[in-house]
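Just below is one structure, and these are the notes that go with it.
The values are calculated or read from the model by the stated rules, or taken from the named source; none is laboratory data. If you're wondering where the values come from, they're calculated on a predicted model, not measured in any experiment. Here the Cβ positions follow ideal geometry from the backbone for every residue, glycine too, while neighbour counts run over all protein chains shown. For accessibility, only protein heavy atoms count, side chains too; no ligands or nucleic acids. Shrake-Rupley method; radii C 1.70, N 1.55, O 1.52, S 1.80 Å.
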Amino acid sequence: MAYAQPVPWRSTPLSGRRRALVAAVVMAAWVALLWLLEVIDTVSGHALDAHGITPRVPGELWDVVPAAFLHFGFGHVATNSVPLLVLGFLAALSGLRRFAAVVAVIVLASGLGVWFFGPADSVTAGASGVVFGLFGYLLIRGFVDRRAVDVLIGVVVLAVYGSILWGALPTAEGVSWQGHLFGLVGG
């Protein structure tokens, strides 16, 4: 006769404190991974940069996902680290399964937007599309879920990070506003 026991991590929901700890660890690990990849890229003579997205080149379609984890130098990864850490932490508080699904949609939307609409003969990489997507997700999450605390989080996120919306417009040379815009839409 077989006996079934409940799996502890499935049977009880995480407390708010535990959920925050898990979200913090996941985002710290993600940002650490971005820095580690940039170290590897630098040591390898920037070999990983080849996995950025070159628009409308069929073989580059595979680079839509890895491009979100790669950067063109330490300054580039530094620019994305804090907003990714903060916005990712806030988004991950709603649960890791949902967070993973949201990030997957954002990465695909941002990457495909660059692949279809980016300038020819360019290479795009970086987590900023994910940052814009998480920003958009946090802005609307409270209204979709009808939770006052999430509406408040969205208002605070807008107040603190609202100026990034300019990055979704073609205002700066050499910046992939397409990745930002489609990341925002994906969020």
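The C-alpha atoms of the chain define a longest principal axis, and helix 74-92 lies at about 30 degrees to it. For the stretch 126-170, averaging the sequence separation of C-alpha pairs within contact (under 8 Å, six or more residues apart) and dividing by the residue count gives a relative contact order of 31 percent. In this rough spin-label picture, where each label sits 7 Å from Cα along the Cβ direction, the residue 65-residue 104 distance is 0.9 nm.
From the coordinates of this entry, Kirkwood radius over Cα pairs in Å is computed, and it appears in [x] 17.3; [y] 17.8; [z] 19.9 under the label [x]. Computed from backbone phi, the HN-Hα couplings of the stretch 19-35 come to 4, 5, 5, 4, 4, 5, 5, 4, 6, 5, 5, 5, 5, 4, 4, 4, 5 Hz, rounded to whole numbers (Karplus: 6.51 cos²θ - 1.76 cosθ + 1.60, θ = phi - 60°; Gly and Pro given as x). Relative to the longest principal axis of the Cα atoms of the chain, the long axis of helix 177-186 lies at roughly 20 degrees.
Using alpha-carbon pairs under 8 Å, 6+ residues apart, how would you state the relative contact order of the chain in percent? Kindly include the intermediate steps, with their values, before the conclusion.
On the way: 282 pairs, mean separation 44.6, N = 187.
Reported as a whole number, the value is 24 percent.
Note on residue 44 and residue 152: the extension gain reaches 34.4 nm, defined as 0.36 nm multiplied by sequence separation minus the Cα-Cα distance.
Rolling a 1.4 Å probe over the protein heavy atoms of the chain, with every protein chain left in place, gives an accessible area that is 72 percent carbon and sulfur.
Residue 94 sits among other residues whose Cβ lies under 11 Å from its own Cβ, and their net charge, with Lys and Arg +1 and Asp and Glu -1, is +3.
Among 147, 56, 19, whose mean-square fluctuation peaks in a Gaussian network model of the chain (Cα, cutoff 10 Å)? Evaluated over the chain, the most mobile residue of the options is 147. Ellipticity at 222 nm from helices only: DSSP H runs of n ≥ 4 in the chain, each -39500 (n - 2.57), divided by the residue count, give -20500 deg cm²/dmol. A Cβ-based charge dipole, computed about the Cα centre of the chain with Lys and Arg at +1 and Asp and Glu at -1, lands at about 1080 debye.
Per-residue surface analysis assigns residue 49 an accessible area of about 30 Å², computed on protein heavy atoms at 1.4 Å probe radius. The Cβ shell under 13 Å around residue 54 holds other residues with a net charge of -3, Lys and Arg each +1, Asp and Glu each -1. Rounded to the nearest whole Hz, the Karplus-based 3J(HN,Hα) values (6.51 cos²θ - 1.76 cosθ + 1.60, θ = phi - 60°) of the stretch 115-129 follow the sequence 4, 7, 10, x, x, 4, 6, 10, 10, 10, 8, x, 8, 5, x, with x at glycine and proline. Taking all protein chains as shown and a probe of 1.4 angstrom, residue 151 keeps an accessible surface of around 40 Å².
For the chain, the solvent-accessible area with a 1.4 angstrom probe is 56 square angstrom per residue. Taking all protein chains together and a 1.4 Å probe, the residues 42, 171 rank 171, 42 from largest to smallest accessible area.
Report the local net charge at residue 139: Lys and Arg +1, Asp and Glu -1, summed over other residues whose C-beta lies under 13 Å from its C-beta.
Numbers: positive: 141; negative: 145, 150.
Here the count lands on -1.
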